[in-house]
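Notes follow the structure.
The values are calculated or read from the model by the stated rules, or taken from the named source; none is laboratory data. Keep in mind the model is a prediction, meaning the values are calculated, not measured. Side chains are part of the model used for accessible areas, which takes the heavy atoms of the whole protein and leaves out ligands, DNA and RNA. Shrake-Rupley method; radii C 1.70, N 1.55, O 1.52, S 1.80 Å.
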Amino acid sequence: VDNARDFLFNAADPVEGLKQATASAMRQVIGLFNLDDILTSQREQIRAQIQQNLRNIITKYQSGIQITNVAIKSASAPEEVKEAFDDAIKAREDQ
């Protein structure tokens, strides 16, 4: 919280608002990349873009929250394609 007054009075539920803003920022950025990039080589770029989008959303709503870092803890292929995706990664590593 970087502004207690805004945090207390500008939003009915700032924590829920942060959750919704985070989900929105993630959808905005993830939609720009293909699955392979999300799971492998572009994670840092994706993380940085999510952080910037989230900061923009939070600033617009003057919620009193400051975003200092965004961490992508895990990302995995959907179960329906996981085996094929793992095979593609192994083939790339073997190459």
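For this structure, a couple of remarks:
- Pairs of lysines in the chain (C-alpha under 26 Å apart; 8 or more residues apart or interchain): 5
- Solvent-accessible surface of segment 26-68, taken per residue with a 1.4 Å probe and all protein chains present: 63 Å².
- Solvent-accessible area, 1.4 Å probe, carbon plus sulfur percent, for the chain: 50
- Computed on protein heavy atoms with a 1.4 Å probe, the accessible areas place Val70, Val1 in the order Val1, Val70, largest first.
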